[in-house]
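The structure appears right after this line, and notes come after that.
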């Protein structure tokens, strides 16, 4: 399965591309400028030459042409970027990972995107795409440290149970990560907003936190019928 990263030149997008390549998924870093994507890819390969065969680059159209696509743009560009590539995304799983958060003085505050969440806004912009909200709480720096596991639960929500299962299978392959089915896409509003709390903890305790939930003993990849 080839995975494309729309807007993949930022820390989260390039980190996720490197992490996916490190576990065997061919990943295409996309950008409005294929030259920026090439630079991002070359920086990763310079650091980890073993990823060269699995990491490639292109414009956003090339990334959207992959089997599964991740939207890693800033939150306010997410719906527009998806809509620009609507034809290529038709029927595919599109994972949104953006959080609408702003820093005001010393506090991080969640914003209210159109339709309540970035994921819902994207779904409205590309209605024939199977939007899945995931990866919101994985620290970008840790994503890019591919030698180390990421000890984190990954909350996944979507209106398509099969899409949840496919994304959960990918998350399960990332060392240290556990996928959790968090329900329908309406849950994305709470998941995205909670990022402001995690960022506040990062500042207060000078660390990078990731969520780990206790008490769940069933197979986290299972989806209720």
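Only the coordinates and a few stated rules stand behind these numbers; no lab work does. What you are looking at is a predicted structure, and each value in this text was computed from that prediction instead of being measured. So basically every Cβ, Gly included, is an ideal-geometry build from the backbone, and we count neighbours across all protein chains shown.
Residues of the range 116-128 being part of a loop (DSSP other than H, G, I, E, B) and surrounded by 24 or more Cβ atoms within 10 Å (Cβ to Cβ), which ones?
If the condition is that a residue be part of a loop (DSSP other than H, G, I, E, B) and surrounded by 24 or more Cβ atoms within 10 Å (Cβ to Cβ), then 117 is the only one that fits.
Say we look at the range 163-186 and pick out the residues that are in contact with a helix residue (DSSP H, G or I) (Cβ under 9 Å, 6 or more places away or on another chain) and assigned to a helix (DSSP H, G or I); which of these is farthest from residue 18 (Cα to Cα)?
186
Which is touching a strand residue (DSSP E or B) at 6+ places or on another chain (Cβ under 9 Å) and crowded, with 21+ Cβ neighbours inside 10 Å, of 179, 113? Before the answer, list the steps.
Numbers: 113 fails: touching a strand residue (DSSP E or B) at 6+ places or on another chain (Cβ under 9 Å).
Of the residues listed, the single one that is touching a strand residue (DSSP E or B) at 6+ places or on another chain (Cβ under 9 Å) and crowded, with 21+ Cβ neighbours inside 10 Å is 179.
For the range 147-161, state whether one or more residues are in contact (Cβ under 8 Å) with a residue 12 or more places away in the chain, under 15 Å from residue 75 (Cβ atoms) and surrounded by fewer than 19 Cβ atoms within 10 Å (Cβ to Cβ).
no
Find the residue count for the range 129-146, including only residues that are buried (at least 18 other Cβ atoms within 10 Å of the Cβ) and under 30 Å from residue 48 (Cα atoms).
Of the range 129-146, the ones buried (at least 18 other Cβ atoms within 10 Å of the Cβ) are 129-139, 142-144, 146.
Adding the requirement that they be under 30 Å from residue 48 (Cα atoms) leaves 132-139, 142-144, 146.
Of the residues in the range 129-146, 12 are buried (at least 18 other Cβ atoms within 10 Å of the Cβ) and under 30 Å from residue 48 (Cα atoms).
Among the residues of the range 25-37, what is the count of those that are surrounded by fewer than 24 Cβ atoms within 10 Å (Cβ to Cβ), part of a helix (DSSP H, G or I) and touching a strand residue (DSSP E or B) at 6+ places or on another chain (Cβ under 7 Å)?
The number of residues fulfilling the criteria is 1.
Those residues that are part of a helix (DSSP H, G or I) and in contact with a strand residue (DSSP E or B) (Cβ under 7 Å, 6 or more places away or on another chain), I need them from the range 193-214; list them, please.
Here is the first cut: in the range 193-214, the ones part of a helix (DSSP H, G or I) are 193-205.
Those that are part of a helix (DSSP H, G or I) and in contact with a strand residue (DSSP E or B) (Cβ under 7 Å, 6 or more places away or on another chain): 193, 195, 196, 199, 200.
Touching a strand residue (DSSP E or B) at 6+ places or on another chain (Cβ under 9 Å), outside any helix (DSSP H, G or I) and crowded, with 24+ Cβ neighbours inside 10 Å: does that describe residue 13? Can you show your working first?
Details: touching a strand residue (DSSP E or B) at 6+ places or on another chain (Cβ under 9 Å): yes; outside any helix (DSSP H, G or I): no; crowded, with 24+ Cβ neighbours inside 10 Å: yes.
Judged against the criteria, residue 13 is not a match.
Which condition number does residue 5 fail, the rest of (1) within 19 Å of residue 146 (Cβ to Cβ); (2) surrounded by fewer than 24 Cβ atoms within 10 Å (Cβ to Cβ) being met?
(2)
Go through the range 133-149 and give me each residue that's more than 26 Å from residue 186 (Cα to Cα) and in a loop (DSSP other than H, G, I, E, B).
If the condition is that a residue be more than 26 Å from residue 186 (Cα to Cα) and in a loop (DSSP other than H, G, I, E, B), then 144, 145, 146, 147, 148, 149 are the ones that fit.
List every residue pair whose Cβ atoms lie under 6 Å apart, where the two residues are 6 or more positions apart in sequence or sit on different chains, the first residue falls within the range 98-125 and is in contact (Cβ under 8 Å) with a residue 12 or more places away in the chain, and the second residue, located anywhere, is part of a strand (DSSP E or B) and buried (at least 22 other Cβ atoms within 10 Å of the Cβ).
So the pair list comes out as 118/96; 119/96; 119/131; 119/133; 122/96; 122/131; 123/131.
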